[in-house]
Amino acid sequence: MLLSIALILIVGFIFSSIFSRFRLPGLLGLILTGIILGPYGLNLLDSKILSISADIRQIALIVILFRAGLTMNISDLKKKGRPAILMTFLPATFEIITVTILAPLLFGISTLEAAILGAVLGAVSPAVVVPRMIGLIESGYGKAKGIPQMILAGASVDDVFVIVLFTSFLGMFQGNRFDFFSLLSVPVAILFGILLGVLVGYIMVKLFKYLHVRDTVKVLLILSVCFLMVSLEDSLKGIFPISGLLGVMALGGIILKLYPLLANRINIKFSKVWSGAEVFFICISRFGNGYIGT
């Protein structure tokens, strides 16, 4: 496994640098790394790292979504109102409808299969969208109109919406009836995920104001709490809908609002963590599933 980790990091950074040198997204180099090293390429990686690939992707996703919360100003998002809300479900809805109509004509599949395909294609990739929007916010590009913030919020809620639709369509394909209650779980999961993040964030801000520890320790504590929130979502699955990942983003947002000085300091720490986490997230997404469109 140590050899596999070394290969992923070394080859990933090399390919990313090469692509960046030619003014191409370094992300393409990381995708290529995963394809080459993975089981459908040269198969140079230990099977153990493939078995934990889902957990590694989850950890990396938590890191980037928390960073998104640390850069997303809630006041700027409130000013956008209706456009920000529409961004959460309208693009995915139009994509799913379009694929559902055109896919049977182009590929000869059923309407239900086309709806499942539309749900897959309609989901955005946080690994691609979130880091780029954070970069735009930090550079100040589009910040005046709050465009990156809207896309950040929309990308996160969009995933919850699309996953529920995908599950419903897949259930119908397997012989079950369409469950309208699953659609009602979308706003419930979003609302309680955000409330959970706000509550935990408020408690942690109070704790850090009285508990003086190094920023590195704070980062480890925050990561542990984020892992617990995502684990809570898994534990309550099928019992009560709640989005742990939205809670992670809300946690970052409330820390930024209540304790901006701390938010700026730990954002620097998390940006360093993401430098390595991004390589694993992109590469493992590719060789863990065996195809590019993950």
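The values are calculated or read from the model by the stated rules, or taken from the named source; none is laboratory data. A quick note: this is a predicted structure, and the numbers were derived from the prediction, not measured. Heads up, the Cβs are rebuilt from the backbone with ideal geometry, glycines too, and the neighbour counts pull from every protein chain shown. Please note that ligands, DNA and RNA were not included when accessible areas were found on the heavy atoms of the full protein model with its side chains. Shrake-Rupley method; radii C 1.70, N 1.55, O 1.52, S 1.80 Å.
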Sole exception among (1) at pLDDT 85 or above; (2) over 30 Å from Gly244 (Cα atoms) for Tyr40, by number: (1)
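Against the condition at pLDDT below 80, farther than 29 Å from Glu233 by Cα and crowded, with 21+ Cβ neighbours inside 10 Å, how does Gly146 come out, does it pass? Reasoning before the result, please.
Numbers: at pLDDT below 80: yes; farther than 29 Å from Glu233 by Cα: yes; crowded, with 21+ Cβ neighbours inside 10 Å: yes.
Criteria met by Gly146.
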Contacts under 6 angstrom Cβ, first residue in the stretch 256-272 being among the basic types (Lys, Arg), partner modelled with pLDDT under 90, 6 or more apart: Lys257/Ile74; Arg265/Asp215; Lys269/Asp215
Scan of the stretch 234-253 for residues that are open to solvent by less than 60 Å² (accessible area, probe 1.4 Å) and part of a helix (DSSP H, G or I), ordered by number: Gly244, Leu245, Leu246, Gly247, Val248, Met249, Ala250, Leu251, Gly252, Gly253
Pairs, first under 21 Å from Ile62 (Cα atoms) and modelled with pLDDT of 90 or more in the stretch 178-202, second among the β-branched types (Val, Ile, Thr) and open to solvent by 30 Å² or more (accessible area, probe 1.4 Å), C-beta under 7 Å, six or more apart: Val200/Val225
Wholly enclosed helices (runs of 4 or more DSSP H) of the stretch 43-157 bearing at least 2 residues without any contact (Cβ under 8 Å) to a residue 60 or more places away in the chain, at positive phi and in contact with a Gly (Cβ under 7 Å, 6 or more places away or on another chain): none
Selection count where residues are touching a residue at least 24 places away in the same chain (Cβ under 8 Å), part of a helix (DSSP H, G or I) and among the aromatic types (Phe, Trp, Tyr), scope the stretch 7-42: 1
